[in-house]
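K.L.:
Pasting a structure below so you can have a look.
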């Protein structure tokens, strides 16, 4: 009796290729995207309040610094993804 086909069928049945695992990398990426959007919204809100004359200057500077750091982080991550994609394209087939 050969176990190869039996093991591969059992493995294929237990791991769905189309459904992501809950709590996997997708959830972490979604949480990071929500964090980024919230940081940008706080910075925008502080800037709007400062332009209307009702904002705290210290809170404005702090929010803008956090927004700048978030943008730099996302830009660095994007650059790494692009570099990895380009490296894959350069691989010989």
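K.L.:
Among 78, 90, which comes first, second and so on when ranked by fewest other beta-carbon atoms within 10 Å? The partial results should precede the final answer.
P.N.:
Numbers: 78 10, 90 7.
The most exposed by this proxy come first: 90, 78.
K.L.:
Using a Förster distance of 41 Å, how high is the FRET efficiency between residue 64 and residue 90, based on the Cβ-Cβ distance and rounded to 0.05? Present the calculation step by step, with values, prior to reporting the outcome.
P.N.:
Working: r = 39 Å, r/R0 = 0.94.
Using R0 = 41 Å, I get an efficiency of 0.60.
Values quoted throughout were computed directly from the atomic coordinates according to the rules given, and no laboratory measurement underlies them. Please read all numbers here as calculations on a predicted model, not as lab measurements. Quick reminder, even Gly has a Cβ in these numbers, built from the backbone with ideal geometry, and neighbours come from all protein chains shown.
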